[in-house]
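A quick write-up on the structure given underneath.
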Amino acid sequence: MKAKEIVLIGGGHAHALALKALADRDRAKFSITLVSPSRWQHYSGMVPGWMTGQYELEACQMDLRQIADHAGARFVEDWAVGLDATRGCVFLSDGSHLPFDALSLDVGAEVDTTWLTALHDKLLPVKPMADFARLWQSLLARADLPPAFKLAIVGGGAAGVEVSLAAAAGLRKAQVNPTMALITGRRGLLPDHPPGVRQQVERALSRASVQVVAQQAVGIEGGVMLDDGLELPLDAAIAATGSRAPVWLSLTKLDLNEQGFVSVNACHQSTSHPNVFAAGDVCSRTDRAITRSGVHAVRAGPILAHNLIAWLQGRPMKEHEPRRWPLQLISTGPTNAVASWGPLSASGNWVWRLKDQIDRRFMRSLLVREGLPNRPREGQTP
Ligand SMILES: Cc1cc2nc3c(=O)[nH]c(=O)nc-3n(C[C@H](O)[C@H](O)[C@H](O)COP(=O)(O)OP(=O)(O)OC[C@H]3O[C@@H](n4cnc5c(N)ncnc54)[C@H](O)[C@@H]3O)c2cc1C
């Protein structure tokens, strides 16, 4: 009997973990293809540490081709650009198509830069992370960086905070003395975290001389304009603004929520097409609200793997019960981090060491064979 075709689109956190779990399947019965525009997937948890010089860039990269190889999956280096879920066919940017019996989407979310486009090449969106890493590297390498470099980070969530503090440390290490603002929008700094976390992060930002501006910013020629009409001239701006769903999904006939994310049930199965699953930032659960975070994506991976096979075999699927209080560790510089867990918070060097340990363990767990070139190098532990 012909093997059933499972196609995984995107090499995000959820699919990396799903592939690990799928390595044990009956390979004669289930054939898997992973589609990703690059074999290298940057791990967002460690990229701020790379900006401060804690990690080599290669230590922050998952090797998707290797993960696919280990799972006995085919790796296709391309973008998915369209999908006919009823006929079971996904279209790739090179004009080819892949038929599938079951499909899973883990393509993440995009950074919404709609209000900042006037900044042109001064704008560095944090995603796609590979592009961000390249842009940040070339910015630091510029010989003509003014000594009083003016940088704004737009976005008051955990990513905006981590990137602000990492950028401040990275620039000072490069002998640049930046003038920095973190523009949070009207909801202010870390609106979804408890007051204790906010206070500790505020202290870290103040120590790093990053000014917090709780206003909306619009890109203008040469900088940004704030709500109160003040214009901030800038040398560069990093966008860590809210997530936006990938536009191509709107042409797929899948059920989407109001923001364009793929609507899924508790088994992470599309509410319109049972042969389609989705996990990570690209999905929206219809039974409950889940924040978009790597932690949730990682934990959904093994359940997704189980459900893809179970659905193809007509067996019962599992529901994914996300943690009510996922532990969030926000790095606040080269040697410090803040922990946010439900209403509780803590900070200090021990939190940073805990985060470092968790991140390294996660990356090691994805290195499926010993001695390969992208093994994490030892960072500079404080
Ligand atoms: C600076 C920063 C720090 C962060 N730190 C943390 C943290 O410490 N903890 C935490 O929980 N969360 C953190 N986050 C959030 C976290 O990055 C996301 O929630 C997480 O990456 C979501 O994972 P995902 O599985 O949805 O997919 P992603 O990690 O977004 O990956 C999606 C993949 O799909 C690929 N793709 C996209 N479109 C297509 C297509 N059309 N065809 C094929 N492939 C495609 C992309 O290239 C990418 O490889 C951070 C975010 C940022 C920006």
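The values are calculated or read from the model by the stated rules, or taken from the named source; none is laboratory data. For clarity, every value in this text was computed on a predicted model and none was experimentally measured. Every residue, glycine as well, gets a Cβ built from its backbone with ideal geometry; the counts of neighbours run over all protein chains shown. Only protein heavy atoms, including side chains, enter the accessible area calculation; ligands, DNA and RNA are left aside. Shrake-Rupley method; radii C 1.70, N 1.55, O 1.52, S 1.80 Å.
Here are the numbers for this structure:
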{"quantity": "Pick from the range 1-14, criterion open to solvent by 20 Å² or more (accessible area, probe 1.4 Å) and either of a type in the set (Lys, Arg) or more than 12 Å from the ligand (Cβ to nearest atom) (or both), ranking: farthest from ASP131 (Cα to Cα)", "calculated": "MET1"}
{"quantity": "Extreme residue, surrounded by the most Cβ atoms within 10 Å (Cβ to Cβ), among residues of the range 200-232 that are under 25 Å from the mean Cα position of the chain (by Cα) and part of a helix (DSSP H, G or I)", "calculated": "VAL201"}
{"quantity": "ARG186 vs. criteria within 26 Å of GLY342 (Cα to Cα), surrounded by 13 or more Cβ atoms within 10 Å (Cβ to Cβ) and either touching a Cys at 6+ places or on another chain (Cβ under 8 Å) or among the charged types (D, E, K, R) (or both)", "calculated": "no"}
{"quantity": "Members of the range 26-46 that are outside any strand (DSSP E or B) and either modelled with pLDDT of 95 or more or within 11 Å of the ligand (Cβ to nearest atom) (or both)", "calculated": "LYS29, PRO37, SER38, ARG39, TYR43, SER44, GLY45, MET46"}
{"quantity": "Enumeration of residues in the range 15-25 that are more than 14 Å from the ligand (Cβ to nearest atom) and either among the hydrophobic types (A, V, I, L, M, F, W, C) or in contact (Cβ under 8 Å) with a residue 12 or more places away in the chain (or both)", "calculated": "ALA21, LEU22, ALA23, ARG25"}
{"quantity": "Cβ-Cβ under 6 Å pairs, at least 6 apart or on other chains, the range 30-41 side open to solvent by less than 50 Å² (accessible area, probe 1.4 Å), far side near the ligand (Cβ under 6 Å from one of its atoms)", "calculated": "VAL35/ILE9; VAL35/ALA80; SER36/GLY11; GLN41/GLY11"}
